[in-house]
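Reading through the structure tokens given below for one structure.
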There are 2 protein chains.
Amino acid sequence: MKIVHSVREINSLSKKWKKKGYKVSLVPTMGCLHEGHLSLMRKAKSVTDKTIVSLFVNSKQFGPNEDLDSYPRQFQADCSLAEGEGVDALFCPEPEEIYPENFQTSINVTLLSQGMCGKDRPVHFGGVATVVTKLFNITIPDVAVFGKKDFQQLVLVRQLTKDLNYNIEIIGAPIFREKDGLAMSSRNRYLDDAGRRTALCLSQAIHAAKELVKGRQDVAANTVIEKTKEIVDNAGGKLDYAVVVNEFNLIPDKFVNKHSVLALAVKIGDSIRLIDNSKLMMAS
Amino acid sequence: MKIVHSVREINSLSKKWKKKGYKVSLVPTMGCLHEGHLSLMRKAKSVTDKTIVSLFVNSKQFGPNEDLDSYPRQFQADCSLAEGEGVDALFCPEPEEIYPENFQTSINVTLLSQGMCGKDRPVHFGGVATVVTKLFNITIPDVAVFGKKDFQQLVLVRQLTKDLNYNIEIIGAPIFREKDGLAMSSRNRYLDDAGRRTALCLSQAIHAAKELVKGRQDVAANTVIEKTKEIVDNAGGKLDYAVVVNEFNLIPDKFVNKHSVLALAVKIGDSIRLIDNSKLMMAS
């Protein structure tokens, strides 16, 4: 596995591969890799000839009071994990390689950035859109793989790809969960034992919502949301939001249908914020 | 010359050319082609194997009270002119091909968009940045040629290209002028005879400023600006702005130096707004 720090070098490498007729995939990450990330790499490898994993803690997607400084970093372990998956190149630039002095271009996917996580994190999705666009231009992939756990991000990246005319296939890979249901996240390691127990309320709420719907199309979204609130409250979590929205455009559904997704964000304690989501009428 | 309306088709064509090893250039225009545009095409042809001219009146770069509806259009004449220059493909999409329903991604080059024309036209440069990014992705050029008349736009496009990691050489081509000095612009055809005479004040102010500077580095920018105001006022124009700024970052200069550009915008009558600019210490 090549470890590449410079934009120029990873760009040349990808171009060289493409000239040989290889299909190239990109898996963008912020490092601190867990099984969820590794599943994205496996997916990427299964559909292309060469896989690039980017590892970059993107300052622009953190607000001023968010956890940029404390965001977990484990470079050596990440290298081993990516190498273990047979990744071809790990692109791990320094911050100033991505955002040099006088950098000033921002990209916004306006409607999709507003609700849900965008409410609590007003600069987040602009930062995501900007770095994803840069990574697309730098690594010129044929395929990019994103996790479904970051559901709003996935929908937004699909829209950006279409709006900006990228010929890149965006693959959303299934959420990877711990045995007890907790969706894997780099932020899970912030949790102490009590927080870890509370955090189960997210997947429990999703499970309960699916039970409640049981394949019926006529269930009111509000019923699902009320149930979610109840479960999160009882577990001692603080519900940031729970919505039932269309999987393609994030517009709220009044009644559950086959394109409905339940998405929620919960604060555990003062500073840990976790998200989870699921389609309500199909296994996902 | 191929006339192409669809994104998919021009993208395939450019890819086909690049696979053959051809270098491809893009000349973005809003049509209503004049000698200035044709000089951009000649420049593009001289440095690449295949030249694409885009012809698209970009609604997003017009504010609500600007001249989108009245902006001059002459499709047949434009085709002949581009063909006469030996252009390989004319890309002339319908508005909904570029901005389909639910389009919502915007790009902003924040600092460079604020002053000068950005003051009077707050949405203009966001629209320019967005369409240029799309055109770059659609036509995947090696070279793109922009006119120096739109000086702020050129600086902004260079910054966007760098910030978003495009491997595209941006060429700024010299301003093309009428015999009496008026910079060529599609908007010149809005001018009646009196307006046409008034419009000469832009190039006259530039000429006077160069005379005033005469190659010296120590001239105060304010002296140049005052002179410009006087000439525009005397001619009956309404000065929107006159600035002496650094050619790379648009930061105002206190004293004229070899990187100083005088840029100005003048309203002729109620609704016609013309711009012009020049480096002050070198012929351009």
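The values are calculated or read from the model by the stated rules, or taken from the named source; none is laboratory data. Fair warning: this is a prediction, and the values are worked out from it, not measured in the lab. Cβ placement follows ideal geometry from the backbone for every residue including glycine, while neighbour counts extend to all protein chains displayed.
For segment B:38-47, state whether one or more residues are hydroxyl-bearing (Ser, Thr, Tyr) and either in contact with a His (Cβ under 8 Å, 6 or more places away or on another chain) or farther than 18 Å from residue B:174 by Cβ (or both).
Looking for residues that are hydroxyl-bearing (Ser, Thr, Tyr) and either in contact with a His (Cβ under 8 Å, 6 or more places away or on another chain) or farther than 18 Å from residue B:174 by Cβ (or both), one finds none in segment B:38-47, hence no.
For (1) more than 13 Å from every other protein chain (Cβ to nearest Cβ); (2) of a type in the set (Asp, Glu); (3) surrounded by fewer than 21 Cβ atoms within 10 Å (Cβ to Cβ), each residue gets a yes or a no:
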residue: B:127; (1), (2), (3): yes, no, yes
residue: B:135; (1), (2), (3): no, no, no
residue: B:147; (1), (2), (3): yes, no, no
residue: B:154; (1), (2), (3): yes, no, yes
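Inside segment B:72-99, can you point out the residues that are in a loop (DSSP other than H, G, I, E, B) and either among the charged types (D, E, K, R) or in contact with a Lys or Arg (Cβ under 8 Å, 6 or more places away or on another chain) (or both)?
Those that are in a loop (DSSP other than H, G, I, E, B) and either among the charged types (D, E, K, R) or in contact with a Lys or Arg (Cβ under 8 Å, 6 or more places away or on another chain) (or both): B:72, B:73, B:85, B:86, B:87, B:88, B:94, B:99.
Does residue A:161 count as surrounded by fewer than 22 Cβ atoms within 10 Å (Cβ to Cβ), hydroxyl-bearing (Ser, Thr, Tyr) and under 30 Å from residue A:49 (Cβ atoms)?
Yes, satisfied.
Give just the number: which of (1) within 18 Å of the chain's Cα centre (by Cα); (2) within 27 Å of residue B:163 (Cα to Cα) does residue B:78 not satisfy?
Result: residue B:78 passes all but (2).
When you scan segment B:5-55, how many residues do you find that are part of a strand (DSSP E or B) and in contact (Cβ under 8 Å) with a residue 60 or more places away in the chain?
Qualifying residue count for the region: 7.
Considering each of B:30, B:41 in turn, give the residue that is in the same structural domain as residue B:134 (by TED's automatic domain parsing), surrounded by fewer than 20 Cβ atoms within 10 Å (Cβ to Cβ) and aliphatic (A, V, I, L, M).
Sole residue among the options that is in the same structural domain as residue B:134 (by TED's automatic domain parsing), surrounded by fewer than 20 Cβ atoms within 10 Å (Cβ to Cβ) and aliphatic (A, V, I, L, M): B:30.
Any residue at all in segment B:205-213 that's surrounded by 14 or more Cβ atoms within 10 Å (Cβ to Cβ) and among the β-branched types (Val, Ile, Thr)?
Within segment B:205-213, one or more residues are surrounded by 14 or more Cβ atoms within 10 Å (Cβ to Cβ) and among the β-branched types (Val, Ile, Thr).
Go through (1) within 17 Å of the chain's Cα centre (by Cα); (2) surrounded by fewer than 20 Cβ atoms within 10 Å (Cβ to Cβ); (3) more than 14 Å from chain A (Cβ to nearest Cβ) one by one and return the number of the condition residue B:196 breaks.
That leaves (1) as the condition not met.
Only residues in segment A:103-116 that are without any contact (Cβ under 8 Å) to a residue 60 or more places away in the chain count as the first member; pair them with residues that are surrounded by fewer than 23 Cβ atoms within 10 Å (Cβ to Cβ) and among the small types (Gly, Ala, Ser), Cβ under 8 angstrom, at least 6 apart or cross-chain, and list the lot.
Once the first residue is without any contact (Cβ under 8 Å) to a residue 60 or more places away in the chain and sits in segment A:103-116, its partners that are surrounded by fewer than 23 Cβ atoms within 10 Å (Cβ to Cβ) and among the small types (Gly, Ala, Ser) give A:106/A:126; A:107/A:126; A:107/B:106; A:108/A:126; A:108/B:106; A:110/B:106; A:113/A:126.
Please pick out the residue among B:244, B:224 that is in contact with a helix residue (DSSP H, G or I) (Cβ under 6 Å, 6 or more places away or on another chain) and assigned to a helix (DSSP H, G or I).
On inspection, the qualifying residue turns out to be B:224.
Go through segment B:165-194 and give me each residue that's in a loop (DSSP other than H, G, I, E, B), hydrophobic (A, V, I, L, M, F, W, C) and more than 30 Å from residue B:137 (Cβ to Cβ).
Correct list: B:182, B:191.
Determine which member of the set B:87, B:143, B:123, B:109 is β-branched (Val, Ile, Thr), under 28 Å from residue B:251 (Cα atoms), over 15 Å from the mean Cα position of the chain (by Cα) and more than 14 Å from chain A (Cβ to nearest Cβ).
B:143
Considering each residue of segment B:137-166, count those that are among the polar types (S, T, N, Q) and out of contact with any helix residue (DSSP H, G or I) (no Cβ under 7 Å at 6 or more places or on another chain), and give that number.
Number satisfying all stated conditions: 2.
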